[in-house]
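Asker: Attaching a single structure in structure tokens format; questions to follow.
Please treat every number below as a calculation from the coordinates, not as lab data. All values reported here derive from a predicted model rather than from experimental measurement. All Cβ positions, even for glycine, are placed from backbone atoms using ideal geometry, and neighbour counts span all protein chains on display.
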């Protein structure tokens with residue numbers, strides 16, 4: 001049975017770490033703020049050079065905001081996990097009554113808190129400085145954020161499993177993953193511009209449905225509910241798969257002794 | 001005395017290498033059992049299996065009757081450990097570390113418990129100091145305080161006094177003896193300090209190449225095998241286990 005007190009210990013650990021560490025607090029909002037400022041000015045420039053009167057702010061800046069939120073969620077999970085890697089704490093943490101479900105729940109709760117900080121900063125900057133109106137998306141904004149949140153959680157859990165399986169050095173595989181995914185999910189362009197083989201992958205990724213829906217709304221239409229339902233269902237499925245993968249990897253680590261000798265990276 | 005730990009036919013293989021070879025032993029409540037053996041004998045592997053961070057290839061482990069495989073959380077709730085190779089995160093203070101692990105172990109009246117342990121292990125002055133800047137001896141005491149947080153019924157100590165000065169080591173030994181003497185729990189203790197083992201342990205298990213070669217009262221064992229000290233017996237077991245009549 002899930003013990004939330006144990007899961008909250010993981011959140012508390014992250015709070016303690018952040019309290020005394022600007023190096024951990026700054027990335028929560030600094031990079032997303034820089035992204036919003038950069039894309040804010042780019043969209044302003046595009047608005048001045050394109051004569052059609054098309055407003056790039058909700059399309060491009062909105063897309064940046066949503067995608068950055070998804071990345072923040074993923075990194076929220078992964079970074080909380082990496083704290084145990086960096087402090088060589090696996091033996092201490094996994095030799096406790098803490099179950100894997102409680103540990104992963106702790107990572108997710110941590111990510112909710114940290115990604116909300118980034119989201120708030122992005123929303124304040126994008127609306128006050130660059131005039132992004134959230135009303136442009138209507139109530140669908142909440143669904144967009146929910147789907148991206150679920151996808152980010154799934155990605156974060158898989159990335160954590162990857163580091164657990166392949167050792168501390170594989171951390172460097174984790175950071176570029178959003179950049180690898182972004183061309184497929186059509187953050188800045190409709191999926192129709194992609195070659196057919198890329199579109200197959202796009203339809204398997206839940207953020208694709210969010211960005212397609214967003215563009216439909218901006219162009220005056222509505223995002224079909226079935227489209228977002230599809231994106232949401234895929235995201236939920238990815239979370240279940242991610243949890244299964246993490247549990248499998250953990251079991252492998254317990255069987256091979258990797259948990260106890262993690263710095264060795266591999267025992268096979 | 002009731003058993004707090006029961007290990008039966010425990011075995012761990014890594015490919016063709018047998019790290020632990022079908023060992024069986026018990027630890028009773030109030031008893032301190034020394035797990036001795038040369039490097040690579042299988043002591044830490046055994047402890048890791050008891051802690052549930054390493055899956056045995058065969059055999060069973062019961063903590064107060066709870067099978068570690070099927071009732072892991074409940075079994076580990078009654079257990080704790082301190083090991084010289086598992087320091088607590090250096091980027092958290094002593095208090096923060098104890099609070100986090102206290103929550104994980106579900107310790108009641110956690111604040112009072114932490115304050116009591118800080119006093120007991122002379123850590124008051126380091127309460128708000130990050131563990132990473134403490135000396136190795138101080139870190140060891142923090143680990144021991146963590147190990148006592150949940151008043152465990154089974155305490156696993158892997159070379160707990162390895163980095164302590166003689167005075168602190170003696171103090172810690174006295175505390176562990178007191179813990180076991182209260183009858184609250186049993187202790188499985190590994191150490192390479194044979195004088196310490198003889199002073200502290202009620203019973204010892206000599207492990208070599210994954211097998212238990214000898215078992216008994218440390219004082220009685222050395223005389224049984226005609227050795228002046230336990231260290232002499234240890235060296236004899238480590239160098240030539242067959243000389244003692246065991247394969």
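Asker: Where does chain A land at 222 nm, in deg cm²/dmol rounded to the nearest 500, when only DSSP H runs of n ≥ 4 count, each adding -39500 (n - 2.57), divided by all residues? Don't skip to the answer; put the middle values down first.
Answerer: Numbers: 11 runs with 195 residues, N = 268.
After summing the helix terms and dividing by the residues of chain A, the value is -24500 deg cm²/dmol.
Asker: For the range B:1-126, just run the numbers: alpha carbon Rg, then divide by 2.2 N^0.38 Å, N being how many residues it has.
Answerer: Numbers: Rg = 16.8 Å, N = 126, 2.2 N^0.38 = 13.8 Å.
Normalised Cα radius of gyration, the range B:1-126: 1.21.
Asker: Working out 0.36 nm times the residue gap between residue A:38 and residue A:216, then minus their Cα-Cα distance, what length gain in nm do you get to one decimal? Write down the numbers at each step before the final one.
Answerer: Working: separation 178, 0.36 × 178 = 64.08 nm, distance 2.43 nm.
Full extension from residue A:38 to residue A:216 adds 61.7 nm.
Asker: So how compact is the protein assembly as shown: Cα radius of gyration and Dmax in angstrom?
Answerer: Radius of gyration, then largest Cα-Cα span, for the protein assembly as shown: 27.9, 101 Å.
Asker: OK, next. Take B:189, A:175, A:67 and order them by how many other Cβ atoms sit within 10 Å, fewest up front.
Answerer: Details: B:189 25, A:175 12, A:67 22.
By the 10 Å Cβ count, ascending: A:175, A:67, B:189.
Asker: How big is D for the range A:44-128, in µm² s⁻¹ as a whole number, if Stokes-Einstein is applied with the Kirkwood radius of its Cα pairs at 25 °C and 0.890 mPa s? Before the final figure, lay out the partial values.
Answerer: Values: Rh = 15.4 Å.
Roughly 159 µm²/s, to the nearest whole number.
Asker: Right, next: How far, in degrees from 0 to 90, does helix A:22-49 lean away from the longest principal axis of the Cα atoms of chain A, to the nearest 10?
Answerer: Rounded to the nearest ten degrees, it is 20.
Asker: Taking neighbour Cβ counts within 10 Å as the exposure measure, how do A:16, A:45 sort from fewest upward?
Answerer: Numbers: A:16 19, A:45 11.
Going from sparsest to densest Cβ surroundings: A:45, A:16.
Asker: Then there is this: Only Cα pairs under 8 Å and at least 6 apart count here; give the relative contact order of chain A as a rounded whole percent.
Answerer: 23 percent
Asker: Here's something else I'd like to know. Enumerate the whole-percent occupancy of each 10 Å bin, from 0 to the last occupied one, for all C-alpha pair distances of chain B.
Answerer: Per 10 Å bin, starting at 0, the Cα pair percentages come out as 7, 31, 36, 20, 5, 0.
Asker: May I ask you to derive the FRET efficiency for residue A:198 and residue B:127 from their Cβ-Cβ distance with R0 = 45 Å, giving the value to the nearest 0.05?
Answerer: Numbers: r = 57 Å, r/R0 = 1.26.
After rounding to 0.05, the efficiency reads 0.20.
Asker: What base-10 log of the normalised intensity I(q)/I(0) is obtained for the range A:1-82 from the Debye formula, alpha carbons as equal point scatterers, at q = 0.15, 0.20, 0.22, 0.23 Å⁻¹?
Answerer: -0.68, -0.92, -1.02, -1.06
Asker: With just the Cα atoms defining each centre, how far is the range B:1-77 from the range A:117-187? Give it in Å.
Answerer: Between the Cα centre of the range B:1-77 and that of the range A:117-187, the gap is 44 Å.
Asker: With the contact rule set at Cα under 8 Å and sequence spacing of 6 or more, what percent relative contact order holds for chain B? Could the numbers behind the result be given before it?
Answerer: On the way: 476 pairs, mean separation 65.2, N = 247.
Computed over chain B, the figure is 26 percent.
Asker: Given contacts defined as C-alpha pairs under 8 Å and at least six residues apart, what's the relative contact order of the range A:129-221, whole-number percent? Don't skip to the end; give the middle numbers.
Answerer: On the way: 52 pairs, mean separation 30.1, N = 93.
It rounds to 32 percent for the range A:129-221.
Asker: Evaluated at 10 °C with a viscosity of 1.306 mPa s, what Stokes-Einstein diffusion coefficient in µm²/s does the range B:101-247 have when Rh comes from the Kirkwood expression over alpha-carbon pairs?
Answerer: 93 µm²/s
Asker: Once label points are set 7 Å from the Cα along Cα→Cβ at both residue A:180 and residue B:109, what is their separation, rounded to one decimal in nm?
Answerer: 5.3 nm
Asker: Same structure again: Dividing the Cα convex hull volume of chain A by residue count, how many Å³ per residue is that? Kindly include the intermediate steps, with their values, before the conclusion.
Answerer: Working: hull volume 37.8 nm³, N = 268.
Output value, Cα hull per residue: 141 Å³.
Asker: Here's another thing I want to ask about it. Compute the long axis of helix B:94-104 from its Cα atoms, compare it with the longest principal axis of the Cα atoms of chain B, and write down the angle in degrees, 0 to 90, nearest 10.
Answerer: Long axis of B:94-104 versus the principal axis of chain B: about 70 degrees.
Asker: Compare the peptides A:133-143, B:71-81 by average per-residue count of other Cβ atoms within 10 angstrom and give them in order, highest first. Don't skip to the answer; put the middle values down first.
Answerer: Numbers: A:133-143: 14.1, B:71-81: 21.4.
Listed from highest to lowest mean packing, they are B:71-81, A:133-143.
Asker: A further question follows. Quick check on the exposure proxy: order A:188, A:173 from fewest to most C-beta atoms within 10 angstrom. Intermediate results must be reported in sequence, preceding the final value.
Answerer: Details: A:188 16, A:173 13.
In order of increasing Cβ crowding within 10 Å: A:173, A:188.
Asker: For the range A:115-196, report the convex hull volume of the alpha-carbon atoms normalised per residue, in Å³, without decimals. List each step's numbers first, then the result.
Answerer: Working: hull volume 11.7 nm³, N = 82.
In the range A:115-196, the Cα convex hull volume per residue is 142 Å³.
Asker: Something else now. Rg/Rh for the range A:114-268 to two decimals, with Rh computed the Kirkwood way over all alpha-carbon pairs.
Answerer: Working: Rg = 18.5 Å, Rh = 17.5 Å.
Here the Rg-to-Rh quotient is 1.06.
Asker: As a check on your grasp of the helix formula, calculate [θ] at 222 nm for chain B: sum -39500 (n - 2.57) over DSSP H runs of n ≥ 4, divide by the residue count, round to the nearest 500.
Answerer: Details: 9 runs with 90 residues, N = 247.
That comes out to -10500 deg cm²/dmol.
Asker: Tell me the angle of helix B:166-181 to the major Cα principal axis of chain B, expressed in degrees between 0 and 90 and rounded to the nearest ten.
Answerer: Approximately 80 degrees, to the nearest ten.
Asker: With a 10 Å cut-off between alpha carbons and a GNM built on chain B, which of B:18, B:172, B:114 moves the most?
Answerer: Of B:18, B:172, B:114, the most mobile in the Gaussian network model is B:18.
Asker: Report the label-to-label distance for residue A:233 and residue A:2 in nanometres (one decimal), using points 7 Å from each Cα along the Cα→Cβ vector.
Answerer: The modelled label-to-label distance comes out at 2.3 nm.
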